[in-house]
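Shown next, in structure tokens, is the structure this report addresses.
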Amino acid sequence: MRRKACFFFAVILFFVNFSFSSSLIKDINVSLREKKIIDFGTNGLSLVFYVNISNSSSKTYYLSSYNYRFVVNQKEYLRLQTSLEEGLKIDASRNTVIALPVRITYEHLFQTVKGIEEEDNASCYLMGELAFSHRKRERGRLPVAFSGEFPIFKKPDVKDLLLRVNALTIGGADLSFEIKFKNRNGFELLVNSISYEINLRSYLIGKGMISGDKNIEKHGAKVFTLPILLNFFEVGKDVYSILQQSSTLCRFSGEVEIQTVWGRLVIPFDKSEKITISK
């Protein structure tokens, strides 16, 4: 943490050493209003820095261009330079809020910053300059340097499949299917629903949806139990002999809908493995 703080302080000193227009510094103040995570998904997210530009003078300025670098764990992730042909009007004696968005895709991030996929969160910095004009003449540039962080999303693991035979007759069976969902993230997941299909070998023995508010704590796990009533004349008579064995090949597939503090996600899953049949 101390190393990161020193790095950020060095960035500030770097900008301070530039020679900026004294009149511009007197007239325009730039500050961070808020940071927000939007478009959160399994493949990435957008981190938006909302910047307040306060014009305390009686002159109308225009934001003519801006550039910034986005650094994650001291590795450059993005460099952007944008010119505004018409310029963004910065009215006299008023505040104007602009957005500096950064789109983060996990695929690119993991290639750029090695090992970060194992972390819960990523530290980041946005640093650059805002260029201002007055009466179509450039009046100078002001620095921006803001810190932030964002989550590294990991899909829940489907683990420990288990099939319990509560009752078995020649005509059907009463079963309980257990699965564990493990949350590998550094934040809580709220499970809204799970839609699923259960196949033993090539036979579909269960299909449906679990609903209800079930939370999985950060780095925690939760076991879900699915009741299954079978009619062998419908699913296939071979299922009877399969359930008499101690184990068999099972495929558990479907989608889990979860709620996070940044929005709703629908995550597909498909787990195939040899499972134990408990009696």
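Distance cut-off 28 Å, Cα to Cα: go down the list K159/K207; K214/K271; K36/K159; K36/K75; K75/K180 and report the pairs above it.
Details: K159/K207 19 Å; K214/K271 21 Å; K36/K159 33 Å; K36/K75 21 Å; K75/K180 36 Å.
Over 28 Å apart, Cα to Cα: K36/K159; K75/K180.
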Env charge @ N55, Cβ radius under 9 Å, K,R +1 / D,E -1, value 0
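Rolling a 1.4 angstrom probe over the protein heavy atoms, how many square angstrom per residue are accessible across the stretch 47-185?
Counting only protein heavy atoms, the per-residue value for the stretch 47-185 is 48 Å².
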Going by amide H atoms built from the backbone, whose H comes under 5 Å of the H on S193, apart from near neighbours? E257
Quick check on the chain: helices-only [θ] at 222 nm, where DSSP H runs of length 4 and up contribute -39,500 (n - 2.57) each and the sum goes over total residues. Nearest 500, please. -3500 deg cm²/dmol
Once Lys and Arg are counted +1 and Asp and Glu -1 for all other residues with Cβ under 15 Å from that of K207, the total becomes -3
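Can you tell me, using C-alpha contacts under 8 Å and at least 6 residues apart, the relative contact order of the stretch 179-279 as a whole percent?
Working: 196 pairs, mean separation 31.7, N = 101.
It comes to 31 percent, rounded to a whole number.
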Over the stretch 175-248, what percent of the accessible surface lies on carbon and sulfur atoms, probe 1.4 Å? 46
Karplus couplings for the stretch 37-42 from phi (6.51 cos²θ - 1.76 cosθ + 1.60, θ = phi - 60°), rounded to Hz, Gly and Pro as x? 9, 10, 6, 6, x, 6
Quick one: how many Å² of R69 are accessible to a 1.4 Å probe, rounded to 10? 80
The answer for chymotrypsin sites (Phe, Trp or Tyr not before Pro) in the stretch 181-279 that fall in a DSSP coil and have at most 15 neighbouring Cβ atoms within 10 Å is F187
Taking Cα pairs closer than 8 Å and at least 6 residues apart, the relative contact order of the chain in percent is 15
Would you mind checking which residues have amide H under 5 Å from S57's amide H? H placed 1.01 Å from N; only 5 or more apart, or other chain. S93
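Are there any GluC sites (Glu not before Pro) in the stretch 134-216 that are in a DSSP loop and have at most 16 other Cβ atoms within 10 Å? List them by number. Numbers along the way, then the final one.
Working: sites: E138, E149, E178, E188, E197; in loops: E188.
Passing both the DSSP loop test and the Cβ count: E188.
Within a Cβ distance under 10 Å of K222, other residues only, what is the Lys/Arg minus Asp/Glu net charge? Display every interim value, and only then the final one.
Numbers: positive: K180, K182, K214; negative: E217.
Once all neighbours under 10 Å are counted, the net charge is +2.
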Checked against the structure, the computed Rg/Rh (Cα atoms, Kirkwood Rh) among (1) 1.24; (2) 1.01; (3) 1.22 is the one labelled (3)
In percent, how large is the relative contact order of the stretch 17-85, given Cα pairs closer than 8 Å and 6 or more residues apart? 23
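The values are calculated or read from the model by the stated rules, or taken from the named source; none is laboratory data. If you're wondering where the values come from, they're calculated on a predicted model, not measured in any experiment. Reconstructed Cβ throughout: ideal geometry from the backbone, glycine too, with neighbour counts over all protein chains shown. Protein only, heavy atoms only, side chains kept; ligands, DNA and RNA dropped before computing areas. Shrake-Rupley method; radii C 1.70, N 1.55, O 1.52, S 1.80 Å.
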